[in-house]
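Below: the structure, in structure tokens.
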Amino acid sequence: MDLLTLSLLTLLLPLLGALAVGLLGRRLGRDFAYVMTIACVGGATACAALTFVQINFLKVPPFEVSLYKWLDFGVLGYQFEVGILIDALSSTMMLVVTFVSLIVHIYTVGYMDYDEDYPEENPYYQRFFSYISLFTFAMLALVMSNNFLQLFFGWEAVGLVSYLLIGFYMKRESAVQANLKAFLINRVGDLGFLLGIALVLMVFGTLNYGEVFAYLNENTEQVQSLQLSIPWVFGDVQWQMVTVIAICLFIGAMGKSAQMPLHTWLPESMEGPTPISALIHAATMVTAGIYMVARLHPLFLQSEVALSMILIVGATTAFMMGLLGIVQNDIKRVVAYSTLSQLGYMVAALGASAFVGGFFHVFTHAFFKALLFLAAGSVIVALHHIQDIRQMGGLRKYMPITYWCMLLGSLSLIGTPGFSGFFSKDLILLSVADSEIFGAGYAHILLMAGVFVTAFYSFRMFFVVFHGKPSDEVLKYQPKESFHSINFSLFALVLPSVFIGWLVVDSWIFGDYFTSVMGEGDESGGKHLAENYANGLALILHSPFSMPFYLAFAGVALAWLLYCKSPDLLEKMSNRFAKVHQILLDGYGFDRFNQWFFVRGSVRLGELLWRYGDVNIIDDGIINRGAKWVGGIASKVRLMQSGLIYHYAFTLIIGVMLLLGWLVYKNIVVS
Amino acid sequence: MSLPILSLLLWSPALCALLVMLCSRFSAITAQWVGLLGSVAIFALSMVLYVDFDITTAQMQFVEKIAWIPAFNIHYYLGVDGISLPLILLSTFITILSIASSWRSVKKNLPQYIALFLLLESFILGVFMALDAILYYVFWEALLIPMFLIIGIWGGERRVYASVKFFLFTFFGSIFMLVAFIYMYYIGGSFEIIDMHLLPLEFTEQGWIFWAFFLAFAVKIPMVPVHTWLPDAHVEAPTAGSVILAAILLKMGGYGFIRFSLPIVPDAAAYFDWVVVLLSLIAVVYIGFIALVQKDMKKIIAYSSISHMGFVTLGFFVIYAMPLNVSASVLALEGGVVQMISHGFISAALFLCIGVLYDRMHSRNIDDYGGVATVMPAFGFFAVLFAMSNSGLPGTSGFVGEFMVILAALQANVWWALIAGLTLIIGAAYTLWMVKRVFYGKPIAEKVLTLQDLHWIEKSVFIALAFCIVLFGFWPDPLVDVMHASIANLFELATSTKISN
């Protein structure tokens, strides 16, 4: 099949599944729901794999096609199209999205089967499958887009499905609170994104990637010198245009990829069912921001200021959010903060111009983080929806498969040499270490410290959940490995979590895999990567002589010491650092501030404006008073209509006299 | 002479209304069917207009012109161009839905109610078709009567206050418009709108005429600070009344701005553009915050309408802040029109949603609800879809107009785009917060637990609206295609000076 057919099938099959199950699922039942969606997404995965093979192994040239005209102004100006762009970057991401989505679909069959809250006749099961297929479609639309408009379409559409899925348990107050919050915070980012798109249209006159980059390439200096004048109180302020564009677009990425300070929605998104936490809030949607920056990197490369900002935001998020992961007791929240922290790593990589490196981490992270979430979900199912790790413990004996999967996933996450996560994270650290832009030193320190923190919180959770003495709840429920579909999904993700980094690192980083898409200006692994290391193996061999290795080791060791070896020490430590602990539990107060300033502030402002603006001033002050005033005059004027003929006659005479007098005055006196 | 299709379309609703009244003397149910099928037939007739429409020309099409009052050179003069055509189709479409939705919800004098809506449809079509200012004015004022009756008879508790307020506001504004027309007749000798477009006017004259028009249209659309009649009217109006009011009557204000203000007084419009832009931006933000704190669902949607109409006026007047920028100006103007059409669908859908709830619970108070989606899943689906389009989600028509206007406004002034763009957050906040409180959560109230999901009539109405909203979200091109020629012509008129030297 040719690329057009393949890519269209990849895009549309999940949509077909979503529509079929969404519209007919209630009538056709649960089995139909999962068979249909898994078949569709499976087909999409196969097509994506074929596309991937064609582009990456058969070296078919990148492929771009416009599907239809969304808006066409013809001679009057702009054109907005919907189209597809398939190259090394998008085909890789397509494969990741469809693959993880397929695994999550399969996992869901078992996971959602168990739910006391919803009776059999409620089509919530079908709805769930419909939603995740719909999400897959939206994410693919985002990834495969060849223009900014469709990117924004996909961007908002994944946000919509995320909203629906976070609030999936819609009877639960905390869930519907969380989805509203997620949507609104994302909207803040989207506003920046939209303005960025508008600026792109203004400068380049088109929203097509290829046309924008071609123009940028040919007129680099002219674009560099463009200034955006922003009217301000003291006259216009001049900003470099590309910097403003890059920062606006990045604000969008901050919303979707949950970078500080727009991160607070992600931990709460854990209110959604676990499969979607794995798919949406770990593997795919939240990495859309990183994908976007990598995709648009020619624009970002034009502005060092923007890159600095990206680097600093990313590194700060990576470290600060990692710290918060240490104090969480909800198993999903630990993984969520871990995701936040890892997203920070990816973003920091972008800031250091390591676009391939950042994307590499998106790629490996998709597998091991999905694995961690699904393993956590396995625990949650086995324990009848207990999520507090303090009520777990000693699960190793009860759930050996989950235990090993979680262990391998965690090892990959903390960057154990040879595991997938190792390559991508090491490359990010190398790139940032070599970067010379403003903030690089700061970022490097934080990211290094982050390695320790990552290892610590990952293994804290691991030890608390799987080692130690079983809690009362564990003894009560006697958890065991659950459905086959769950175990199958875990296996399917373990393999890439462990091996895929090694498989691809030579061609991606040391080879020319991404040269055509992101080669120019990319500094993954630092400027002298090729001189220092020959290939992936060299990276592994070098790792025992580098800091991150020992930092990760120290993190694991400390976790072991505190949570396995001597709990007394833990108690002492937490008493000692009670204040810090409190701050961390509080999440640095972001939520409290948002609640106070934005939520309560807006409502207060709205009430003020309504009461004093609309009701008091406009309605009572002007309209109703005006009406009364008119009424008052009317009641006076009415007196004139007395109905007595002599009154009218008298008025008439007076009037005629006045008129005559005025004419006489005008004619005699003036002339 | 070919078939006078415009006259046919214009008067058939009124005839149908007559027929409904006649039938109602024998059987109410026959009368209802006559009304419903009649409105469908009228919509089909208006589609003929769409099919035969020539998109390559900015000329008025299907023109009919007959002397009406020769002494004052007043004509019965009808015609359609790319700006009025979408509004005509919107009107005929929405009328079907408003009649269908009344089917079950109006218990009192339903045939008369339906007849009034058909009569209203005639007058609305007249407004969008008239090419003679006096004819236009007659229709403009005439439609106050059925609307006044609909609110005044079938309305809520404070219906008298609301209907009088509605009447006075609109009437107050339009008087000045009439004076402006008469003034232009006085110097130009013609009431034809196309002649007025070409009538040379000095700046001072233009200024007076501009403000006269502004009062009429700003009240109608409505703009801050003359908007307070709208929430009251909506709250007291019956469901279908709110639908027509929000979906169509407001659009007459927007239509007035581009049919009269921009082309007739371009210099004054260019000079006073900042007033309109400022008020539009205030509408987006100030009204958005007010919508946030309303307890009555209808008030939220009413304020939301005002806020969304801010994009229409912003799109129309932002063109003066970027002279010579044809592509952005066209984008802005068409964005304004697209926003009008899209808001027609969305506001209708949302008012119908509230109607569905009100029919069952007799309350519009948010606090009385909670967890409705659990009890009424099909309804919940539609409501969330419509709420999302009200928050401007891409893939729904609500996104298209706002997107176009924001993109264009940025080229005029970064701040305007930023402030207008705040609707992304505020609009989503008030809409989805309402959705959360009404549809999500645990159904606690006893009355909620016994709610019945959608009846098939309600469902069909929602499917029709959802279809339009999603269709134009994914493929708005056919909508703007018909406008291009007329908008280009409008841009030409709106940006060429009329001052003699």
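Evaluate peptide A:189-202: per residue, the Cβ atoms of other protein chains within 10 Å of its Cβ; return the mean as an integer. Walk me through the intermediate numbers first.
Details: counts 1, 6, 8, 3, 1, 10, 8, 0, 4, 12, 5, 1, 7, 8.
For peptide A:189-202, the averaged partner shielding equals 5.
Quick one: helix A:88-111 against the long Cα principal axis of chain A, what's the angle to the nearest 10°, folded into 0 to 90? With rounding to tens, the tilt is 80 degrees.
Candidates B:Leu110, B:Ile193, B:Gly421 compared by Cα position along the dipole of chain B: farthest toward the positive end lies B:Leu110, with charges placed on Cβ.
Listed highest first by mean packing, meaning other Cβ atoms within 10 Å per residue, what order do B:80-89, A:166-175 come in?
Final packing ranking: B:80-89, A:166-175.
Over 31 Å apart: what share of the alpha carbon pairs of the range A:303-585 falls there, rounded to a whole percent? Above the 31 Å cut-off, the range A:303-585 has 28 percent of its Cα pairs. Classify chain B: rounded, prolate or oblate, from the alpha-carbon gyration tensor (a ≥ b ≥ c, eigenvalue square roots; a/c under 1.5 rounded; otherwise prolate if a/b is larger than b/c)? Note, shape of chain B comes out oblate.
Dividing the helix sum by the residues of the protein assembly as shown, where each DSSP H run of 4 or more adds -39500 (n - 2.57), gives a mean residue ellipticity at 222 nm of -22500 deg cm²/dmol. To the nearest 10 degrees, how steeply does helix A:547-560 sit against the main Cα axis of chain A, on a 0 to 90 scale? The angle comes out at about 90 degrees.
Distance check, please: which entries in A:Lys332/A:Lys425; A:Lys628/B:Lys220; A:Lys628/B:Lys498; A:Lys69/B:Lys65; A:Lys181/B:Lys295; A:Lys171/A:Lys332 exceed 31 angstrom between their Cα atoms? If you can, show how the numbers build up before the last one.
On the way: A:Lys332/A:Lys425 22 Å; A:Lys628/B:Lys220 23 Å; A:Lys628/B:Lys498 42 Å; A:Lys69/B:Lys65 38 Å; A:Lys181/B:Lys295 20 Å; A:Lys171/A:Lys332 20 Å.
From A:Lys332/A:Lys425; A:Lys628/B:Lys220; A:Lys628/B:Lys498; A:Lys69/B:Lys65; A:Lys181/B:Lys295; A:Lys171/A:Lys332, over 31 Å: A:Lys628/B:Lys498; A:Lys69/B:Lys65.
Kirkwood hydrodynamic radius computed over the range A:1-146 comes to 16.2 Å, based on all pairs of distinct alpha carbons. Counting only C-alpha contacts under 8 Å and six or more residues apart, can you give the relative contact order of the range A:303-585 as a whole percent? This gives 27 percent for the range A:303-585. Normalised by residue count, the range A:163-253 yields a Cα convex hull volume of 112 Å³ per residue.
Please work out the Cα convex hull volume for the range A:551-671 and give it in Å³ per residue.
Working: hull volume 31.5 nm³, N = 121.
For the range A:551-671, the hull spanned by Cα atoms encloses 261 Å³ per residue.
Along the range A:388-402 the Karplus relation, 6.51 cos²θ - 1.76 cosθ + 1.60 evaluated at θ = phi - 60°, assigns HN-Hα couplings of 7, 5, 6, 9, 10, x, x, 6, 3, 6, 7, 10, x, 5, 4 Hz to successive residues, with x for each Gly and Pro. How would you classify chain A from its alpha-carbon gyration tensor, with a ≥ b ≥ c the square roots of the eigenvalues: rounded for a/c under 1.5, else prolate if a/b is greater than b/c, otherwise oblate? Prolate shape, in that a/c is at least 1.5 and a/b is the bigger ratio.
Couplings 3J(HN,Hα) of the range A:286-292, computed from phi: 5, 8, 4, x, 5, 4, 4 Hz, in residue order, whole Hz [Karplus 6.51 cos²θ - 1.76 cosθ + 1.60, θ = phi - 60°; x for Gly and Pro]. Enter the angle in degrees (range 0 to 90, nearest 10) between the Cα long axis of helix A:148-166 and the first principal axis of the Cα atoms of chain A, meaning the one along which they spread out most. Long axis of A:148-166 versus the principal axis of chain A: about 80 degrees. In terms of packing, defined here as the mean over residues of other Cβ atoms within 10 angstrom, the peptides A:553-565, A:307-319, B:32-44 line up highest first as A:307-319, B:32-44, A:553-565. Amide H contacts of A:Leu67: A:Val82, A:Gly83, A:Ile84, each under 5 Å away and 5 or more positions distant or on a separate chain (H built 1.01 Å from N in the peptide plane; Pro and chain starts excluded). Taken as entire DSSP H runs, the helices of chain B that both span 18 Å or more between Cα atoms along their own long axis and average -1.0 or more on the Kyte-Doolittle scale are B:5-24, B:28-52, B:84-105, B:110-129, B:159-188, B:203-220, B:297-317, B:326-361, B:377-390, B:397-412, B:423-439, B:456-474. For the range B:97-162, trypsin sites (Lys or Arg not before Pro) are listed when DSSP marks them as loop and at most 11 other Cβ atoms sit within 10 Å of their Cβ; the list is B:Lys107, B:Lys108.
Highest mean first, the peptides A:68-80, A:273-285 sorted by other C-beta atoms within 10 Å per residue fall in the order A:273-285, A:68-80. Hey, how many Å between the Cα centroid of the range A:417-454 and the Cα centroid of the range B:22-64? When both Cα centres are located, 68 Å separates them. Could you tell me the center-to-center distance, by alpha carbons, between the range B:123-195 and the range A:40-83 in angstrom? Each part reduced to its Cα centre gives a spacing of 51 Å.
Here the convex hull built on the C-alpha positions of the protein assembly as shown has a volume of 206 cubic angstrom per residue. Along the axis of the charge dipole computed for the protein assembly as shown (Cβ charges of +1 for Lys and Arg, -1 for Asp and Glu, origin at the Cα centre), the listed residues A:Tyr337, A:His467, B:Leu37 are led at the positive end by A:His467.
Between the alpha-carbon centres of the range B:397-451 and the range B:238-279 there is a gap of 22 Å.
If you take the square roots of the eigenvalues of the alpha-carbon gyration tensor of the range B:45-190 and sort them as a ≥ b ≥ c, do you get rounded (a/c under 1.5), prolate (a/b over b/c) or oblate? Here the range B:45-190 falls in the oblate category.
Here, each number is a calculation from the coordinates, and none is a lab measurement. Note that the coordinates shown come from a computational prediction; the quantities given were computed from them, not determined experimentally. As a convention, Cβ positions derive from the backbone with ideal geometry for all residues, glycine included, and neighbour counts pool all protein chains shown.
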